[in-house]
Amino acid sequence: MGNLGGYLLAEVMLWLMYAMLVVALVAAVGSAVRSFRYRSDSIASSNRVPRKWIAWGVVAFTVVLLLVTCLAGSSQPLIINGISYTNRFWLKTTDGLIVSSLILILIAACGVVYGVSGVNRKIEMRNEKLR
């Protein structure tokens, strides 16, 4: 009887994970579409990159990162709870998604540290003083 409760909880967790995946995909696609549609291509000052180019660069980087990490992922068989998992495609895909997630979290953390540090504001203030 103890296993039945664990199985039901696992089923609920799987459905919650599917729902979270769908929400994340919709949010990512919606964000990309919004970024491409509503950002102008004009350059505010001569030393800035147009925002559409930045959006395309982020999309391209994410796709390339996912492809590279999935192709470079390990396909070593895993034995979990006595069950051997040997499907090469899913092993490589899972490894690639985990590594991509870690890399993107690291990049996001670096971006937060950079934003909090105020370095960008100091550089802009120095450039305005030089003009």
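With the full set of protein chains in place, find how many percent of the accessible area of the range 60-111 is carbon and sulfur; take the probe as 1.4 Å. That share works out to 75 percent. For the range 46-119, the relative contact order works out to 26 percent when only alpha carbon pairs closer than 8 Å and six or more residues apart are counted.
Charge tally around C70: other residues with Cβ under 10 Å, Lys/Arg +1 each, Asp/Glu -1 each, net 0.
Projecting label points 7 angstrom from Cα along Cα→Cβ for V119 and L71 puts them 3.1 nm apart. Here the convex hull built on the C-alpha positions of the range 52-131 has a volume of 114 cubic angstrom per residue. At an R0 of 22 angstrom, the distance between the Cβ atoms of K52 and V112 translates into a FRET efficiency of 0.35.
The values are calculated or read from the model by the stated rules, or taken from the named source; none is laboratory data. A quick note: this is a predicted structure, and the numbers were derived from the prediction, not measured. Ideal geometry is used to build each Cβ from the backbone, glycine not excepted, and the neighbour counts take in all protein chains shown. Quick note on the areas: whole protein, heavy atoms, side chains included, nothing else; ligands and nucleic acids left out. Shrake-Rupley method; radii C 1.70, N 1.55, O 1.52, S 1.80 Å.
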